[in-house]
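The values are calculated or read from the model by the stated rules, or taken from the named source; none is laboratory data. Being a predicted model, the structure only gives us computed values, none of them experimental. All Cβ positions, glycine included, derive from the backbone under ideal geometry; neighbour counts span all protein chains shown. Note: accessible area is taken over every heavy atom of the protein model, side chains too, but ligands, DNA and RNA are not part of it. Shrake-Rupley method; radii C 1.70, N 1.55, O 1.52, S 1.80 Å.
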Amino acid sequence: MKQIFSYEGWYYRVFSFAADMIIVSFLFLVPAATIVLIGPALIALYQTIDQLYKEKEIPVWQRYSRTFLANLKRGFILEGIIVGYVAVTAAIIYGLMGITTYLGVFAVILSSLAGLFLTVFVLLFCLFSFSVKQTAQETAYAVLSSTANAIILLVIPVFIFILLNKINFFLFVCLGISGFAYLQVLFFNKVLAKEGDVNESH
């Protein structure tokens, strides 16, 4: 019994990890709720989760706040890219649908590819200090060379949202956000990075 509840026991490690994940989720939600700070919040989320994955136990509050403040400019750049990218993609799809409804299938394929590209781009831009151009190049290479893996990265947040939202939306708020980020980081490190689909040099 003492071993179970000890510092090295599974009980402590499981609940300590769950507590860290809940803290990270709420640390992300507070600035992200302003919309204006969602870019820095995303970078801080993924980098904190990455450190949590690699080191298991970290002071998440200090790590998140330090990363958030250090990446304000980069975060605003990311936010601008996301908004511009979504706006241009939506305009193209709307234009295609306006020409003829027969282009609907093509529009669906285009939106799916755009979603894949954006998902991988955001992950790489958050985890590494690549420039925008280099991130775009690495994203294109990762998506085109391993589309199946890119699809998994896109499906993870969708699956987590549907699963946890069916149980309780508050559960998704507490664990879903950090949960899908952790699974994406885990998959990236275990699969994409090892396969060499992304050049990890900073």
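Phi angles across region 27-40 convert, under the Karplus curve 6.51 cos²θ - 1.76 cosθ + 1.60 with θ = phi - 60°, into 3J(HN,Hα) values of 5, 6, 5, 4, x, 5, 5, 7, 6, 4, 9, 5, x, x Hz, Gly and Pro given as x.
Computed across region 33-111, the Kirkwood hydrodynamic radius from all distinct Cα-Cα pairs reaches 14.8 Å. Accessible area per residue for region 62-165 is 55 Å², calculated with a 1.4 Å probe on protein heavy atoms, without ligands, DNA or RNA.
Straightening the chain between PHE161 and ASN189 buys 7.9 nm, computed as 0.36 nm per residue apart minus the Cα-Cα spacing. Each peptide in 156-162, 141-147 gets a packing score, the mean of other Cβ atoms within 10 Å over its residues, and the list from highest to lowest is 141-147, 156-162. The computed mean projected area of the Cα convex hull in nm² for the structure shown corresponds, within [x] 11.1; [y] 13.3; [z] 10.5, to [y].
Based on C-alpha pairs under 8 angstrom that are at least 6 apart in sequence, the chain has a relative contact order of 23 percent. Close Lys pairs in the chain (alpha-carbon distance under 26 Å; sequence gap of 8 or more, or different chains): 9. What the phi angles of region 74-79 give under the Karplus curve with 6.51, -1.76 and 1.60, with θ = phi - 60°, is a coupling list of 4, x, 5, 5, 4, 5 Hz, glycine and proline written as x. Using the Karplus relation 6.51 cos²θ - 1.76 cosθ + 1.60 with θ = phi - 60°, the per-residue 3J(HN,Hα) values for region 13-26 come to 5, 5, 6, 5, 5, 4, 5, 4, 5, 5, 4, 4, 4, 6 Hz, with x marking Gly and Pro. Projecting the Cα atoms of ILE167, LEU116, TYR46 onto the dipole axis of the chain, where Lys and Arg carry +1 and Asp and Glu carry -1 at the beta carbon, places ILE167 farthest toward the positive end. Given R0 = 35 Å, the distance between the Cβ atoms of MET97 and TYR141 translates into a calculated FRET efficiency of 0.70.
Given a 1.4 Å probe and the protein chains as shown, LEU113 ends up with an accessible area of around 90 Å². Spin-label pair ILE109-PHE169: with each label point 7 Å from Cα along the Cα-Cβ axis, the two points sit 3.7 nm from one another. Relative to the current alpha-carbon distance between ARG66 and SER129, full extension at 0.36 nm per residue lengthens the span by 21.1 nm.
Between ALA90 and ARG13, what FRET efficiency comes out of the Förster formula 1/(1 + (r/R0)^6) with R0 = 41 Å and r the beta carbon distance, rounded to 0.05? The computed FRET efficiency comes out at 0.40.
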